[in-house]
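Worksheet: one structure, shown below.
Quick note: the coordinates plus some simple rules give every number you see, no bench work behind them. Because the structure is predicted, anything quoted here is derived from the model rather than measured. Note that each Cβ is placed from the backbone with ideal geometry, even for glycine, and that neighbours are counted across all protein chains shown.
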Amino acid sequence: MHGQNHLIGKLSAAAARAPEAPCVVRVGTGETLTRGAFWAGAERMAGAFAAAGVTPGDRVALQTEKSVEALQAIYGALMAGAAVLPLNPGFTDEETGYFLGDAEPAVFVCDPRRAEALGRIAAEEGVGLTMTLAADGTGALATAAAGAAFPGAAIRRADDLAALLYTSGTTGRSKGAMLTHGNLAVNAEALVEIWAIAEADALLHALPIFHTHGLFVATNTALLAGATMRLHAKFDAAAALADLPHATLMMGVPTFYTRLLDQPGLHAAAAGMRLFISGSAPLRAEDHEAWTAATGHAILERYGMTETGMLTSNPYEGARRAGTVGHPLPGVELLVADPSTGEALPDGETGSIEVRGPNVFRGYWRMPEKSAEAFRPSGFFVTGDLGRIDPDGYLSIVGRAKDLIISGGFNVYPKEVESVIDSVEGVAESAVIGVPHPDFGEAVTAVVVRLPGAAVDAAAILAETAARLARYKQPKAVFFADALPRNAMGKVQKNVLAKTHARAFARDA
């Protein structure tokens, strides 16, 4: 079990060094689990999965509320030899059905409140067994785990699949990024090293665990370093402020920091903190500066993506430059390249950000053509982001090659939202854009053209998107236009729309 060539081996070996040391604190109740207790729970989950027929190479899908038990289920599935597929509890039944049909998990774990509807969908998609796990840690999986014997962790190699995380192009269907034990382990080791994470650290963990940031960046690094996680079920600014004096380290999306800036008493609460890290979306330079003025701390911004884990980071020791994402991590090769040739460009020029290293994923699940398109013959992965490197080697993200919107740290793909809006009676067409927003970074915004004579209004569009899309994908505003701006090739000019509506959410608008 303590073999060093895969993620579970490395994490459980870290726990074995001091099994009585604290591992996770349930913020709210204050209950603390030791490393030994946390991993014993994960082992019972592994036993429950094995008893349910999960074998090495299977997938286990989990769509659960955030809890200690949900984390134990994720690591238990890995111990049983499965690859984990974490799903956002905010996904609609329709969205969830797609992922279950594509990934074909052996077991699907969901919230008891949705078990009837989702269990039926899972069965239709060929999933063998649906089990339940509630936010309070109860449910059929927990009951099965309580009486399960641990069969011993399935021996996995560094190149075995550990996770399927779904990402999406701006067109077409979601793609499952195949991440291996080696990808996750090497990335966690690099982050522990560059951010100096140690046993003395206490991580304020308010991120969701269905996303690479909260699950792998935050949890894997804390477990690997032997730090304590202070687990918040979700981010609440007042609760986070109250917990800061008990923490040394916080990871968040920019929205966390803008909301904390509105809290009185922030300076005093942050006095004992060692490090604030931001990612998943660009942090505005003015928010970076406001945070430093309010707390005396410079937020450390970093850059990564689902397919690669973390790629770059501002330095722990040294200048953390607002508006940049720092330097490549140890072991990561990064180029700013000519998008058409893949040839490296000189510093200061804008081009395609392309990366190579042991952290880079194995390709897209059952999509060999998409996988092939994503890589250069040299093995460099084309991220789809545009950037430039300054003379000191700091990378800045200039934009996205595609029209991805990042709202509150979550990726929103305009095409998916447009498809729902276009299905509303009376809509001729729509364009969905990201508009600067002081809280979410970008707000999903729809520009809609009505069919001649149609009376469709914003309320009808918002009702349809609310019924069919997770909340973070739903438009924050709907505008109507007589026509969408197009170029000579007939392509909608989203940049023109973005300029038109750029101040829609400005505080002084």
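Brief remarks follow.
- Modelled spin-label separation between GLU199 and ARG173, with each label point placed 7 Å from Cα along the Cα-to-Cβ direction: 4.9 nm.
- When only alpha carbons are used to place a centre, region 430-507 and region 345-388 end up 30 Å from one another.
- Neighbourhood net charge (10 Å Cβ-Cβ; Lys/Arg +1, Asp/Glu -1) for ALA196: -2
- Restricting region 272-329 to GluC sites (Glu not before Pro) in coil, as DSSP defines it, with at most 14 other Cβ within 10 Å: GLU317
- Correct choice for Cα extents along the principal axes in Å that was computed from the model, options (1) 75, 52, 45; (2) 84, 63, 43; (3) 65, 54, 52: (3)
- For region 13-114, the list of trypsin sites (Lys or Arg not before Pro) that fall in a loop by DSSP and count at most 10 other C-beta atoms within 10 angstrom reads ARG17.
- Helix-only [θ]222 nm of the chain, DSSP H runs n ≥ 4, -39500 (n - 2.57) each, per residue, nearest 500: -8500 deg cm²/dmol
- Projecting the Cα atoms of ALA40, LEU78, LEU266 onto the charge dipole of the chain, computed from C-beta unit charges around the Cα centre, puts ALA40 farthest toward the positive end.
- Placing dummy labels 7 Å off each Cα toward the beta-carbon, the span from ALA271 to ASP439 is 3.0 nm.
- For region 133-198 and region 200-228, distance of Cα centres in Å: 12
- Simple Cβ-charge dipole of region 269-400, Lys/Arg +1 and Asp/Glu -1, about Cα centre, in debye nearest 20: 480
- Listed residue (THR130, LEU191, LEU462) projecting farthest to the positive dipole end of the chain, Cβ model: THR130
- Residues THR500 and GLU20, FRET efficiency given R0 of 60 Å [Cβ-Cβ distance, rounded to 0.05]: 0.50
- Rg over Rh for region 405-500 works out to 0.95, using Cα positions for both radii and the Kirkwood form for Rh.
- Convex hull volume per residue, computed on the Cα atoms of region 269-400, equals 120 Å³.
- Residues ALA290 and ALA467, FRET efficiency given R0 of 45 Å [Cβ-Cβ distance, rounded to 0.05]: 0.75
- Protection proxy ranking, highest mean first, for peptides 242-253, 180-191, 360-371, 323-334: 180-191, 242-253, 323-334, 360-371, where packing is the per-residue count of other beta-carbon atoms within 10 Å, averaged.
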